[in-house]
1. Where does the range 98-178 land on the Kirkwood hydrodynamic radius, alpha-carbon pairs, in angstrom?
2. Top mean-square fluctuation among LEU132, LEU17, LEU123, Gaussian network model of the chain, C-alpha springs under 10 Å?
3. So what's the chain giving for Cα Rg divided by 2.2 N^0.38 Å, two decimals?
4. Between LYS37, LYS143, LYS195, which gets the highest mean-square fluctuation from a Gaussian network model of the chain, Cα cutoff 10 Å?
5. With a/c under 1.5 counting as rounded, go ahead and sort the range 1-109 into rounded, prolate or oblate using the C-alpha gyration tensor (a ≥ b ≥ c being the square roots of the eigenvalues; past the cut-off, prolate if a/b is larger than b/c, else oblate).
6. Over the chain, with a Gaussian network built from C-alpha contacts below 10 Å, which listed residue (GLY118, GLY54, GLY178) shows the highest mean-square fluctuation?
7. Taking only pairs that are 8 or more places apart or on different chains, how many Lys pairs in the range 1-131 have Cα atoms under 19 angstrom apart?
8. Can you figure out the FRET efficiency of GLU36 with VAL167, using R₀ = 45 Å and their beta-carbon distance, to the nearest 0.05?
Amino acid sequence: MKRIYWYLGAAVIGYLLGSINTAAIIGRIRGFDIREKGSGNAGASNALITMGTGAAFCTTVVDMLKAFLPVFAVLNWIPYAKDVPCLAVFTGCMVIIGHIFPFWMKFRGGKGFASLLGMSLALDWRLLAGFLVLTGLILLTTKYIALATICCAAIFPVYRTIMTHSVWECVMLCVIFGIIIWKHIPNLKRMIKGKEFGLDDLHELKHKSD
């Protein structure tokens, strides 16, 4: 029974932390809904398009930290928490779910990439390093940020299963991968048609949003 309380606490705390959507908050402070401008996504890339480098940097850092800190805390700071099976990964997954489906935004949040990176850093810095290298290669070859997100989300459960042999971790991370794929269906359709937004399109989108 005690494990249930750990999971319930992690679900609530993780979801609420994830619901702190930095790009949306900065946008509201500046007087607009970020989902109505630029690419329409409540994340760092659209923060760059609609509000500039400073807002994008702040969004990236905060969205990473809100996943990194609770997962790191479970593993290192909270007594006995690391002994609860899969609690760290469960917490990180709940943060990502909160980011994608924040209650105060009518469940229309971001796409979870920065939080995925923050979670990976807390679990294994080598995983984050691999994600950053992979993202760099994808951006150099295709310019598609969405493709980098999808690839990293796909690799995550494979890597963790190899490292931990945990079926439940694999299941949870596969669920996150499925949600991220679902959120990226419009991007995938545009990729197929050759009309997906890439790095080269950010300047044009920024110009339209001004």
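1. 13.3 Å
2. Checking each option, the largest mean-square fluctuation is seen for LEU132.
3. 1.01
4. Comparing LYS37, LYS143, LYS195 in a Gaussian network model of the chain, the most mobile one is LYS195.
5. prolate
6. Evaluated over the chain, the most mobile residue of the options is GLY54.
7. 5
8. It comes to 0.60.
The values are calculated or read from the model by the stated rules, or taken from the named source; none is laboratory data. Note that the coordinates shown come from a computational prediction; the quantities given were computed from them, not determined experimentally. Every residue, glycine among them, receives a Cβ derived from its backbone with ideal geometry; neighbour counts consider all protein chains shown. Side chains are part of the model used for accessible areas, which takes the heavy atoms of the whole protein and leaves out ligands, DNA and RNA. Shrake-Rupley method; radii C 1.70, N 1.55, O 1.52, S 1.80 Å.
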